[in-house]
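Beneath this line is the structure, given in structure tokens, with notes to follow.
The values are calculated or read from the model by the stated rules, or taken from the named source; none is laboratory data. Treat the numbers as computed from the prediction; the structure is a model and nothing was measured. A quick note on method: Cβ atoms are made from the backbone with ideal geometry, for glycine too, and the neighbour counts reach across all protein chains shown. All accessible areas refer to the heavy atoms of the entire protein, side chains included, with ligands and DNA or RNA removed. Shrake-Rupley method; radii C 1.70, N 1.55, O 1.52, S 1.80 Å.
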Amino acid sequence: SSQHIAINLADQPLGGFIVDVKGEPISVASLVFQVQPSNVSGGTIETGANVDQVKIVDQNGKILAGPTDAVTAGTVTLTDTITFPVGKTYIKLLAKLDTAFDSNDTISASTTPSSNWTTVTGVNTGESITPAPSSLITANTMTVKGASLTLSVSPSPIAQTVVSGIT
């Protein structure tokens, strides 16, 4: 779901997807995702190149592909072959946002399985499979939140004279 994610910290979620496999396990040779930052803070303009250590993990936290870095156009290609079993596999796209991001910037991840997932084959039959849908799937938008700390002077104790050597 949409949430706040941190700057310069590994394994921040960019989005979640459900892979629903029917019939036989499938093998996917590469997956391409687009990461789209939006500069709503008015600060530094980010690009997909400011997204590093991108990887895919399953619902158990097991790394399925990556890590790899995004490229300037905001496209990340994960070339580790993944075998998805029959049934639903919940995957998360995780990454590290570099320090070019500012609080309140946003980022979203998307993919078009029919064209961005390549060399998809049935594990048992070796048959070529075209994943559905053929339209763009965009995950929920994440909001970047940077760490902050504010200090001020406490009104207690009040300003006073202190004598040396006395408790």
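Here are the numbers for the structure shown:
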| read-out | value |
| --- | --- |
| For Ser30, distant residues with modelled amide H under 5 Å away | Thr118 |
| Listed residues Asp105, Asp58, Asp11 arranged by accessible area, highest first, probe 1.4 Å | Asp11, Asp58, Asp105 |
| Global form of the chain, assessed from the alpha-carbon gyration tensor, a/c cut-off 1.5 | prolate |
| Length gained when the stretch Thr125-Thr68 is fully extended (0.36 nm per residue, less Cα-Cα span) | 17.5 nm |
| Segment 1-122 - charge dipole about Cα centre, Lys and Arg +1 at Cβ, Asp and Glu -1, debye rounded to 20 | 340 debye |
| For segment 103-167, diffusion coefficient by Stokes-Einstein and Kirkwood Rh (Cα), 37 °C, 0.692 mPa s, µm²/s | 179 µm²/s |
| Largest-first ordering by accessible area, 1.4 Å probe, given options Lys55, Lys145 | Lys145, Lys55 |
| Alpha carbon centroid spacing (whole Å) that separates segment 60-136 from segment 1-39 | 5 Å |
